[in-house]
Every structure is written in structure tokens, then in C-alpha cells.
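Engineer: Take a look at this one; I'll ask things after.
No lab work stands behind these numbers, since they all come straight from the coordinates. Because the structure is a prediction, the values reported are computed rather than measured. Please note: Cβ atoms are built from the backbone with ideal geometry, for glycine as well, and neighbour counts cover all protein chains shown.
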Amino acid sequence: MAFLEVRNIEKSFGKVEVLKDVSFDLELGEVLSIIGSSGNGKTTLLRCLNYLETIDGGAVSINGEIILDEEYGDRKNPKNKKISINRKHYGLVFQQFNLFPQYTALKNIMLPLELREKERKKKGLNYLDNKQIEEESLELLKKVGLEEKKDNYPCELSGGQQQRVAIARAMVLKPDILCFDEPTSALDPELTGEVLKVIKELKDEFKITMIIVTHEMEFARNISDKVLHLSKGKVASFGTPSEVFDNPANDDTKQFIASYERMKNE
Amino acid sequence: MFWKITSELLNGFTISIFLFTFTLLFSLPLGLLMCFCTMSKVKPLSIFMKFIVLILRGTPLMLQIFVIFYVPGLLFDFQWPMINTGWEWFDSSFSSRFIAALVAFSVNYAAYFSEIYRGGIQSIPQGQYEAAEVLGMNKRQIFFKVILLQVIKRIIPPMSNEVITLIKDTSLANVIAVTELMFVANLKLKTGLIWPIFYAGLFYFIFNGIVTIILSKVEKKLSYFKV
């Protein structure tokens with residue numbers, strides 16, 4: 001039994017089938033990159049995992065416990081209530097950062113923790129006080145190298161800095177799996193490096209399990225333990241970086257890698 | 001003569017300001033409630049509220065004041081309550097007119113505000129909701145902790161417009177003999193004195209200036225972040 005098991009995910013928008021029979025496994029501490037051209041379902045897959053879309057079929061389990069199947073998201077189904085609990089397995093970093101503009105960098109990270117600890121206090125569980133919340137958040141801000149920007153508002157930060165704050169924020173509730181939805185696609189080319197470096201550090205120093213949807217092929221090859229190529233909503237290839245990049249068995253993957261190599265050489 | 005008329009106009013002006021202040025006090029929250037109804041997923045509620053807003057925005061405020069003051073009495077034998085405040089300028093027979101005008105203004109402005117709120121809420125990018133959602137916030141927390149302040153920042157310019165219009169619209173209350181500023185000035189006009197009506201205009205102008213300054217202060221206060 002793998003840590004994360006994704007089985008036979010199906011998703012359609014109206015008559016358009018976006019995901020067809022998508023399955024893969026991921027072990028604790030592994031990094032998975034999902035690659036493929038735009039419009040092949042990468043982002044939809046990540047959004048399904050994060051309960052931002054409902055699925056039409058299939059299931060996801062963590063440590064053998066089902067945390068998503070097609071009954072989740074059905075408003076009348078009691079399983080729907082469990083979404084808020086199951087969501088805690090994931091953290092999500094968005095393409096557009098989506099920081100809260102009215103809060104400082106530090107407050108952006110603190111807010112989710114503050115709200116959670118308030119709930120815990122209400123329920124009579126042990127909870128962190130404000131000082132501990134601030135310390136923990138500041139610690140995360142240090143990890144992404146932005147301690148000195150703690151009192152700056154998002155509009156005062158560069159895109160790369162905003163995304164680094166967003167990464168820290170996604171980690172504040174200590175998710176099992178950190179998901180990235182094209183984390184550098186909205187950035188100027190000269191700013192992608194700092195974000196990729198932070199992601200690399202999180203892997204090397206903290207062994208965080210990650211799922212990364214990305215167009216950065218070099219990065220995917222270097223950081224990943226597993227690579228998944230999605231083509232027309234299906235898993236075209238799934239394996240180690242060298243299996244997928246160097247000796248792809250699948251024709252679609254071959255073509256995709258070849259077109260990428262051509263682009264790189266031009 | 002000048003001072004006597006000034007003091008009479010000031011009495012009228014106090015009524016105007018009362019009407020203005022209480023209208024804002026009631027219509028701002030009422031508008032939010034109407035906005036939630038309009039945006040509700042319960043279709044009949046949403047359609048009903050859209051219809052109400054359509055009527056309130058689609059007919060003259062003056063007509064609405066007439067209807068609210070006279071129609072309940074004609075149809076249901078309902079009289080707007082008379083309140084004894086003990087104030088000389090606010091006698092109990094007058095209070096029923098004032099309350100009817102206040103109700104008309106509040107409901108009418110709430111309709112306009114509800115549309116401004118709706119525009120503000122819908123202009124917040126979906127990503128803000130999603131980011132809050134994946135961070136474990138519930139609907140209430142998302143609205144109050146993440147969305148609300150961004151909405152307030154966005155709607156202040158169109159709100160300022162409405163607020164300034166409201167100050168001048170209070171003069172419509174004179175159609176049911178609420179003795180507000182224009183009503184008093186108009187009485188003078190009927191006795192052959194023309195200048196008090198321009199003098200009254202100056203009152204509105206100065207008050208509007210003050211309100212404009214306050215609103216731009218609020219706008220500045222929220223300029224520390226961008227949405």
C-alpha cells in the first residue's frame with residue numbers, strides 16, 4: 001500500500017472528458033511532477049485532489065483511508081462534511097499566488113493558523129497562543145528567505161516574493177502533501193529561479209511530499225522522484241524522471257519530450 | 001431678517017441631516033441583506049428580490065414616497081406612528097411624515113446599495129475564495145476575514161456617489177410636507193423672497209463638501225493595499 005493512492009479518476013466538464021482513468025501512487029517524502037501541454041488536464045487533476053472540483057469517478061486514499069471518491073462534493077451526501085477534515089492533508093500553491101492583499105506577508109501566513117487554533121480553543125483542545133502562532137509563522141517565512149519582508153503587503157512584493165510567501169502559507173497547517181499548480185507560470189523569467197530554489201530546499205531539507213504541476217522541464221527532471229505525463233486526460237507515462245524523459249515508451253510522451261528538446265535547442 | 005431666515009433654514013437643515021443620517025444607518029445593512037438575497041442560490045428568493053430592486057430603481061423616488069406615506073392608510077387603515085420626542089421642531093404629527101419618508105429613502109437607497117455590493121462582491125477574483133477554502137476556512141470566515149475589506153475598498157467610490165446624491169435627494173421629502181431644508185426655502189419663495197432658495201443651495205453644497213472630504217479620507221485609509 002502506497003502512502004497516496006490515486007485510482008481511476010474520471011472528470012468531465014459537460015460533455016468534455018478532461019480526466020480519463022487517471023491512476024498513480026506516491027510514497028511519503030516523494031516528489032511527483034505532472035507534465036504535459038496546456039489543456040491536457042494537469043491543473044484539473046490537482047484541483048480535483050484539493051476538492052476544488054468534484055470528480056465523476058475513482059478514488060483517492062492516504063494511508064489506505066479513502067479521502068475522496070465521487071460521493072464527496074455531492075451536497076446531500078454526509079461525506080461532504082468530511083471535506084473540511086480531509087482537506088488538511090493538502091496544501092496548495094496557486095499559479096496566481098492568491099495572497100490576501102489586505103494582510104502583511106506574516107499575517108497572510110498567520111491567519112489560517114489563528115482561525116484553526118481559535119476553533120481548537122473553542123472545542124477545549126490544546127491550542128497555540130498568539131505568540132506561538134507568530135513564532136511558527138515567522139519560522140516559515142525564514143524558510144522561504146523572506147523574514148525581513150514580514151511587515152510588507154503583497155502589493156509591495158515582487159511576484160517571486162509573493163509566491164514564496166504563498167508557499168510558506170500553504171505549509172502553515174502542516175499538510176501531508178504540498179501541491180503546486182504551475183507555481184512559476186505567472187512570473188517573469190528572471191524570478192522563476194528563486195521560487196524553484198525554495199521548492200528544492202523544501203525537498204532537500206524537510207523531505208516534504210510534493211505534487212508539482214509544471215512546465216519547467218529541467219526543474220521537473222532534477223527535483224522529481226516520479227514524473228507523470230498527462231496527455232488528453234490520460235496517463236501517458238508514469239515513472240522515474242529518466243524513464244519518462246530519456247526512454248519514454250509512450251508515443252505521445254516521446255513526441256512531447258521531443259518537441260520540448262527542439263524548443264530548448266532553438 | 002437675514003438671521004431669522006438663517007435660523008429657519010437651519011431648522012429645516014437639521015431635519016435634512018436627520019433624514020440623511022438615519023437613511024444611511026438603515027439602508028447600508030438592509031442593502032447587504034438584499035444583496036445576499038439577490039445572490040442567493042434559492043431561486044424564488046433571488047428572483048423575488050431582483051424584482052423588488054427592479055421596481056425600486058425603476059420608479060421615481062418621489063412616487064415611492066407618496067406610495068409609502070398614503071397607500072397603507074388608504075388600503076389597510078394603517079397610520080405611520082406618531083412619536084412624541086418632546087422636541088419643538090419635531091412634533092408628533094410631523095413624526096409620521098418623517099418616518100414614512102425615512103422608510104421610503106431607506107428602502108430605495110438599499111436597492112441601489114445592494115447592486116453596488118453585488119458588483120463589489122462579484123469583482124473579487126475566484127482565487128481569493130479558493131485560497132481561503134484550501135486553508136480550511138468556512139464560508140463565514142472567508143467572507144469576514146478575506147472578502148469583506150476588499151469589497152469595501154472597491155465599493156467606496158460608487159458608494160460616495162450615492163451618498164452625495166442622497167444628501168440632495170432628501171429635498172424630495174417635501175412632497176409629503178416634511179419640513180426639510182428645501183421645504184422651508186420654498187415657503188419663503190411663496191412669500192416672494194427668492195434669495196433663501198439659493199442660500200439653501202449653499203447649505204447642501206457645504207455639507208456635501210464635508211462629506212466628500214470624509215469619504216476621501218476613508219479611501220486614503222484603505223490605500224495601503226491593492227485589490
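Engineer: Just one of (1) at the interface with another protein chain (Cβ under 9 Å from one of its Cβ atoms); (2) in a loop (DSSP other than H, G, I, E, B) trips up residue A:127, so point out which.
Structural biologist: All conditions pass for residue A:127, except number (1).
Engineer: Right, another one. Of all residues in segment B:143-153, which are more than 16 Å from residue A:154 (Cβ to Cβ) and crowded, with 19+ Cβ neighbours inside 10 Å?
Structural biologist: Scanning segment B:143-153 gives a single hit, B:151.
Engineer: When only residues in segment B:208-227 that are surrounded by 14 or more Cβ atoms within 10 Å (Cβ to Cβ) and within 14 Å of chain A (Cβ to nearest Cβ) count, which is nearest to residue A:152 (Cα to Cα)?
Structural biologist: B:225
Engineer: So which residues in segment B:100-142 are within 18 Å of residue A:49 (Cα to Cα), touching a Phe, Trp or Tyr at 6+ places or on another chain (Cβ under 8 Å) and hydrophobic (A, V, I, L, M, F, W, C)?
Structural biologist: Result: B:131, B:132, B:134.
Engineer: Still on this structure, please answer the following. Name every residue in segment A:134-157 that is more than 14 Å from chain B (Cβ to nearest Cβ) and touching a residue at least 12 places away in the same chain (Cβ under 8 Å), in order of residue number.
Structural biologist: Once the filter is applied, which keeps residues that are more than 14 Å from chain B (Cβ to nearest Cβ) and touching a residue at least 12 places away in the same chain (Cβ under 8 Å), segment A:134-157 yields A:134, A:136, A:138, A:141, A:143, A:144, A:145, A:146, A:149, A:150.
Engineer: Within segment A:182-194, work out how many residues are buried (at least 22 other Cβ atoms within 10 Å of the Cβ) and within 14 Å of another protein chain (Cβ to nearest Cβ).
Structural biologist: Counting residues in segment A:182-194 that are buried (at least 22 other Cβ atoms within 10 Å of the Cβ) and within 14 Å of another protein chain (Cβ to nearest Cβ) gives 1.
Engineer: Follow-up question, since we're still on this one. Please state which one of B:196, B:158 is closer than 25 Å to residue B:224 by Cβ, touching a residue at least 40 places away in the same chain (Cβ under 8 Å) and away from chain A (no Cβ under 14 Å).
Structural biologist: None of the others qualify; the one that does is B:158.
Engineer: Residue B:160 versus (1) within 25 Å of residue B:24 (Cβ to Cβ); (2) surrounded by fewer than 16 Cβ atoms within 10 Å (Cβ to Cβ): which is the lone unmet condition?
Structural biologist: The number of the failed condition is (2).
Engineer: Tell me whether segment A:106-120 contains one or more residues that are more than 14 Å from residue B:136 (Cα to Cα) and away from chain B (no Cβ under 12 Å).
Structural biologist: Yes, segment A:106-120 contains a residue that is more than 14 Å from residue B:136 (Cα to Cα) and away from chain B (no Cβ under 12 Å).
Engineer: Additional query: Contact list please: Cβ distance under 8 Å, first residue in segment B:31-55 and under 19 Å from residue B:159 (Cβ atoms), second residue among the basic types (Lys, Arg), pairs at least six apart or on different chains.
Structural biologist: Hits for this filter: B:35/B:118; B:38/B:50; B:38/B:118; B:39/B:118.
Engineer: Of the residues B:69, B:78, which is in contact with a helix residue (DSSP H, G or I) (Cβ under 7 Å, 6 or more places away or on another chain) and in a loop (DSSP other than H, G, I, E, B)?
Structural biologist: Exactly one of B:69, B:78 is in contact with a helix residue (DSSP H, G or I) (Cβ under 7 Å, 6 or more places away or on another chain) and in a loop (DSSP other than H, G, I, E, B), namely B:78.
Engineer: What's the total number of residues in segment A:164-203 that are without any contact (Cβ under 8 Å) to a residue 60 or more places away in the chain, touching a helix residue (DSSP H, G or I) at 6+ places or on another chain (Cβ under 8 Å) and not in a helix (DSSP H, G or I)?
Structural biologist: Residues in segment A:164-203 being without any contact (Cβ under 8 Å) to a residue 60 or more places away in the chain, touching a helix residue (DSSP H, G or I) at 6+ places or on another chain (Cβ under 8 Å) and not in a helix (DSSP H, G or I): 3 in total.
Engineer: When only residues in segment A:57-100 that are aromatic (Phe, Trp, Tyr) and within 13 Å of chain B (Cβ to nearest Cβ) count, which is surrounded by the most Cβ atoms within 10 Å (Cβ to Cβ)?
Structural biologist: If we take residues in segment A:57-100 being aromatic (Phe, Trp, Tyr) and within 13 Å of chain B (Cβ to nearest Cβ), then A:97 is surrounded by the most Cβ atoms within 10 Å (Cβ to Cβ).
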